[in-house]
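Report on the structure given below.
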Number of protein chains: 6
Amino acid sequence: MSVVVQNIERADQAVIDRLAVCGVATVHEAQGRKGLLASYMRPIYSGARLAASTVTISAPPGDNWMLHVAIEQLSDGDILVLAPTSPCEDGYFGDLLATSALARGCKGLIIDAGVRDVADLTEMKFPVWSKAVFAQGTVKETLGSVNVPIVCAGALVNPGDVIIADDDGVCVVVLGEAEAVAAKAEARIAAEDDKRKRLAAGELGLDIYKMRERLAEKGLKYV
Amino acid sequence: MSVVVQNIERADQAVIDRLAVCGVATVHEAQGRKGLLASYMRPIYSGARLAASTVTISAPPGDNWMLHVAIEQLSDGDILVLAPTSPCEDGYFGDLLATSALARGCKGLIIDAGVRDVADLTEMKFPVWSKAVFAQGTVKETLGSVNVPIVCAGALVNPGDVIIADDDGVCVVVLGEAEAVAAKAEARIAAEDDKRKRLAAGELGLDIYKMRERLAEKGLKYV
Amino acid sequence: MSVVVQNIERADQAVIDRLAVCGVATVHEAQGRKGLLASYMRPIYSGARLAASTVTISAPPGDNWMLHVAIEQLSDGDILVLAPTSPCEDGYFGDLLATSALARGCKGLIIDAGVRDVADLTEMKFPVWSKAVFAQGTVKETLGSVNVPIVCAGALVNPGDVIIADDDGVCVVVLGEAEAVAAKAEARIAAEDDKRKRLAAGELGLDIYKMRERLAEKGLKYV
Amino acid sequence: MSVVVQNIERADQAVIDRLAVCGVATVHEAQGRKGLLASYMRPIYSGARLAASTVTISAPPGDNWMLHVAIEQLSDGDILVLAPTSPCEDGYFGDLLATSALARGCKGLIIDAGVRDVADLTEMKFPVWSKAVFAQGTVKETLGSVNVPIVCAGALVNPGDVIIADDDGVCVVVLGEAEAVAAKAEARIAAEDDKRKRLAAGELGLDIYKMRERLAEKGLKYV
Amino acid sequence: MSVVVQNIERADQAVIDRLAVCGVATVHEAQGRKGLLASYMRPIYSGARLAASTVTISAPPGDNWMLHVAIEQLSDGDILVLAPTSPCEDGYFGDLLATSALARGCKGLIIDAGVRDVADLTEMKFPVWSKAVFAQGTVKETLGSVNVPIVCAGALVNPGDVIIADDDGVCVVVLGEAEAVAAKAEARIAAEDDKRKRLAAGELGLDIYKMRERLAEKGLKYV
Amino acid sequence: MSVVVQNIERADQAVIDRLAVCGVATVHEAQGRKGLLASYMRPIYSGARLAASTVTISAPPGDNWMLHVAIEQLSDGDILVLAPTSPCEDGYFGDLLATSALARGCKGLIIDAGVRDVADLTEMKFPVWSKAVFAQGTVKETLGSVNVPIVCAGALVNPGDVIIADDDGVCVVVLGEAEAVAAKAEARIAAEDDKRKRLAAGELGLDIYKMRERLAEKGLKYV
């Protein structure tokens, strides 16, 4: 039951780059408020923002063997996404694995578990979004799988799906929807630019979005 | 049952400014160890410190409509304080609302829920203390209220109460007690200055506060 | 039952300094993956790394009296380690106590509870690893003990044990094992240096650690 | 700052009894979806249901002295409601205090902290809704207050307010609104009885509540 | 984007019944240790055990409108499985909805949110596994979907998948694998019966499973 | 580093039996408010109460191999106490292991992790206090140790220490202190019997414990 799927489809890099510009909050809205990982997934340092094609890992609790297996499957520009098969905060990943992943062109790690050596990772500018920072070591005894569908921090992630991550958290875009979502996200940003200017000038959302009538209908009273 | 209270009393700005200087820990002590919001209320970036008069918001879970309504009620120097009517971590507030709030003179946001666009908010220097950072979007379907009493992160907040917030968290001072609390807080700081010098010189708290006798009475044994 | 043990044994300072260089993740591995405090123990600011001999404190919930007692027991280079007798997030420690502790040569605080005045502590470069940041004040009414064995954040800590702390968390090394652990940790670092170079050059962990055969034996399928 | 308010107003016993019949979910709806304590407040045994007038207690963490003070303030049919001044799970209350409270006519305890001797309390049929079951003992060193406003598990409770508690949790009804809320709650129950019969007969809520048109307007698609 | 899928495939009832006999722990093992919902999903009363075909619901936070829509889609013997689109503990479901669901042949509810009227539901013997018991009411303002894939308490659930639930929690079996899993689960039970007898007679697992040699190889020392 | 200590000292059975009668809350008080495991350790069914000599297990996350090893080390009347080496909620123990443990005279299990087959365990009257109920399976790949000191749910437990467990939770008594603690606990019970009668007769704790004067000294005001 433990498999490594070697050939996966990826989204067009140009589309991935467009999604990176849009950021997590906008992309998640653009695709109908879906795809967010749980709010406990936090970056180990502020300011990173990326989009990348996913190589997924399903790993046993406290066992990081499959990370070594997954690194071989990376293509330049991919991101690793790991979900443990039962909840675990152990530190699956540190500076040695990051060195190896970087050498294979990896752009970062999303892990519904722990990470360690975070001072080194920060210095290396290797971004990680994780459930925990925990120095607890792992073993290499039990198999898992690479590039199978996983549920990571509450979201379904398939290999080849696009991950968007920034200081707001992490969002997954289904491979086949990436281009359409990028277009919608860009349209949102364009529309927001105009609104941002009007709001900055002191105009109210109540007026820009024509909310007053509907508020009155619903029964809001000003006293 | 959904109301917007338009005219609220505020504390004297000079008193608010004095409280800002004192900081959360001192103000909370000065008023008899009360008024703290729960420890899970954390700033989105370090180093912000402020005091401000509150405009309160009671909002349904996952619905940020009342934020638009509340922004119209802001006076220059106010802070928004939002409590959901049931626990929620959705991202009620982002950079567009912050732009609008800033244009109305708003000094920040205290929210017992989630916030998003935190990289933008940090760059704008718009401080937020929140329960979560979460990109999850909200709807505009259900009414709430503005400037009614709320319980936010375990503390009762009335409109016009003064909020003090810094890296230690958030504290609320009842409007009618603001001046007296400011005076007590300032007295604490003055008294602490002297003690800080003596402690820095190596004198022990055991001696400065004359604790040795009482420790012996209670039965402490040195072995 | 409340005691202050005045004369405790400490590890050799040279050994402590060697452990500081190695860091939490390496030391914890070197001693057989033991000694870590829970992952919720987080530094109040990034970048601190230290090792120090411990002065332990057992304190009642919401009562910081024993911190004053413990500060007198500090030798130059020690660290304070506090465990409440029942779970508590109150702010036991702030800038005045830090001033006093610094004057006695204290290198930091590990506390399975809350800390406050974190902006001041950060400016003073007084590192703290804590369960919470919380301005909630404490009283001085009930005795505890100093330099007795405690369980802090899930780990047994004896007075004189060596604490290692950095951005990955906190680890305790038993006094009598400090020298042997330092040697093992240094050996790990030396071994890792070689591997880091090979990994950075693009060699795979699968090959460096000769994992391929064992993976096949366990039944991993490549598809 | 520590006070015991001796004479408090109470709701009419007949109104309290009517609220007891309605139960938590119905009462909370009847008063506009407000007044619920947090969902972590759970009964120590199933099947208890009551309404009672509150005697409130504000107590320091890990200190149950004020419970003794509060018991003297009980009138027949009251319930004790305790909030610690900072979060605490210690076991403030056990079978001796329950014996004393029962002798004064007390109907139960709501405590945003811990309780112990739960096997005895269950046998005595003394109902408790608490945040935790924890044997951890407390001291009697620091004052608190009795019959002052408190925030308990996220809800504001004033002395004399009516508490409704059952297997669904705990709800507070403001003293001055008790009669009106009882009337509304009874009306809800009457209305529900008819609907329950129709639903039991297989009629759909979609039809009883005439939802189909509004669902279509909002854009729901059947595929 | 809000849809109701009306015709879904279901597993053979005979297979579902066989899975019910096996229980959660065995079924989850039989399918390779997968499919479990998070451990926080607990039954409202002890002793219920069932298997059923799922009707899935994706619902906004604090909005139970889609439950009414879903009930119309129930076939006799189905179970409702609801996941909110962002984390929520509100009480989406109570005795009226249970009455309606029962009238349509519904066998229970799995909800990654709150439930209320649990005393009534217990009396009705309507089993629910939920994240919380909470009386908090919901609105009917925003659409969701019925019979779409959802992630519920960390597990992917497709409409028509088989849910197994008992006092150990909840497990999902993919529709297409139900028969094979039932066969494997039954084989496990048969194998366990023999082992249970030998263990009850005092034979050791060390001997039955022939573990001694492998333990020695791995280096276990008896001292 | 993985060892099984085969010969451990145990407390006198008569002393253990005396402790069982006293219960967790009383024993914990009698030994100076120490020894409690964390409040999240809950019984899988109500009403069990026991005291027993401990066989300790240190086990890797998600690996229950050492349970088989530990069962061989049981003497009649012992209890198993398991702590994972990093936090884990997997179901390490179910009805087969319970059958085996019962056959060796085991009185129950304390586990800072998960347990499964709880319906069966309840029927067998095999008591378990655990952190979680979770069907998640485990592997048998990595060694741990038996009868070494462990920290379980925040408390230090040595092999041969006495565990007391009931509906209030779990308490550990150090082997060498068991007899003295039993005597003190019995004295407490005797003293409480008198107080219980007086309290039941309506006398107040304020008078029995002569608290009025000290309350007045501390400054309590009756208004």
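The values are calculated or read from the model by the stated rules, or taken from the named source; none is laboratory data. Here the structure is a predicted model, which means the values were calculated and not measured. All Cβ positions, glycine included, derive from the backbone under ideal geometry; neighbour counts span all protein chains shown. These accessible areas exclude ligands, DNA and RNA; they are computed on the full protein's heavy atoms, side chains included. Shrake-Rupley method; radii C 1.70, N 1.55, O 1.52, S 1.80 Å.
In chain F, helices alone account for a calculated mean residue ellipticity at 222 nm of -9500 deg cm²/dmol, with every DSSP H run of four or more residues adding -39,500 (n - 2.57).
Across the protein assembly as shown, counting alpha-carbon atoms alone, Rg and Dmax equal 30.2, 83 Å. Sketch the reach of a paramagnetic label on B:GLU186 as a point 7 Å from Cα along Cα-to-Cβ, and name the residues of the stretch B:1-37 whose backbone nitrogen lies under 14 Å away. What the label zone holds, given the 14 Å backbone N cut-off, is B:12-23. Largest to smallest in accessible area, the residues C:SER58, D:SER130, D:SER46 fall in the order D:SER46, C:SER58, D:SER130 (1.4 Å probe, all protein chains included). Ordered by 1.4 Å accessible area with all protein chains kept, D:VAL4, D:VAL223 run largest first as D:VAL223, D:VAL4. Between the residues B:GLN73, B:GLY154, B:LEU143, the greatest Cα displacement towards the positive end of the dipole of chain B, with unit charges on the Cβ of Lys, Arg, Asp and Glu, is found for B:GLY154.
Cα-based values for chain B, radius of gyration first and Dmax second, are 19.9, 67 Å. Pairs from the table (A:LYS34/E:LYS184; B:LYS34/B:LYS210; A:LYS210/B:LYS140) lying more than 24 angstrom apart at Cα are A:LYS34/E:LYS184; B:LYS34/B:LYS210. So what's the net charge close to D:PHE126: Lys and Arg +1, Asp and Glu -1, counting the other residues with Cβ under 11 Å from its Cβ? Here the charged neighbours net out to -2.
Give me the aspartates and glutamates in straight-line cross-link reach of D:LYS221: C-alpha distance below 13 Å, same-chain residues under 8 apart excluded. Answer for D:LYS221, where 13 Å is the Cα cut-off: D:GLU213, listed by chain and number. Among the protein heavy atoms, those of E:SER145 account for about 10 Å² of accessible surface (1.4 Å probe, every chain in place).
Each principal axis of the Cα cloud of the stretch A:58-156 was evaluated for its coordinate range; sorted largest first, these ranges are 31, 27, 26 Å. With Cα atoms defining each centre, the stretch B:130-177 and the stretch C:128-180 are spaced 35 Å apart in the structure. Helix B:178-200 axis versus longest C-alpha principal axis of chain B: approximately 40°, rounded to the nearest ten. In summary, the lysines within cross-link reach of D:LYS125, defined as a Cα separation below 16 angstrom excluding same-chain residues under 8 places away, comprise D:LYS107. In the stretch F:57-106, carbon and sulfur make up what percent of the accessible area (probe 1.4 Å)? C and S fraction of accessible area: 42 percent. When only alpha carbons of the stretch B:70-118 are considered, Rg and Dmax amount to 10.7, 30 Å. Once all protein chains are placed together, D:ASP166 keeps about 10 Å² accessible to a 1.4 angstrom probe.
Across the stretch A:1-54, the fraction of Cα-Cα pairs farther apart than 17 Å, rounded to a whole number, is 54%. Using the 1.4 Å probe convention, the accessible area of chain F works out to 35 Å² per residue with neighbouring protein chains retained.
Among chain E residues, the one whose Cβ is nearest the axis of the rotation from E to F, given with its distance rounded to whole Å, is E:SER46, 6. About its Cα centre, the protein assembly as shown has a charge dipole of approximately 0 debye under the convention of +1 per Lys or Arg Cβ and -1 per Asp or Glu Cβ, with nothing else charged. With label points defined 7 Å past Cα in the direction of Cβ, position D:ARG212 shows copy-to-copy spacings of 3.9, 6.6, 7.4, 7.4, 8.9 nm, given to one decimal and shortest first.
Chains A and C: what accessible area do they bury, summed, in square angstrom to the nearest 100, with a 1.4 Å probe? Looking at A and C, the buried total is near 2900 Å².
For a straight C-alpha distance cut-off of 15 angstrom, the aspartates and glutamates reachable from A:LYS218 (same-chain residues fewer than eight places away being disregarded) are B:ASP63, B:GLU141, E:GLU141. Exposed loop sites here are trypsin sites (Lys or Arg not before Pro) in DSSP loop states with at most 15 other C-beta atoms within 10 Å. What is the longest stretch of chain E lacking them? The longest uninterrupted stretch comes out as E:1-124.
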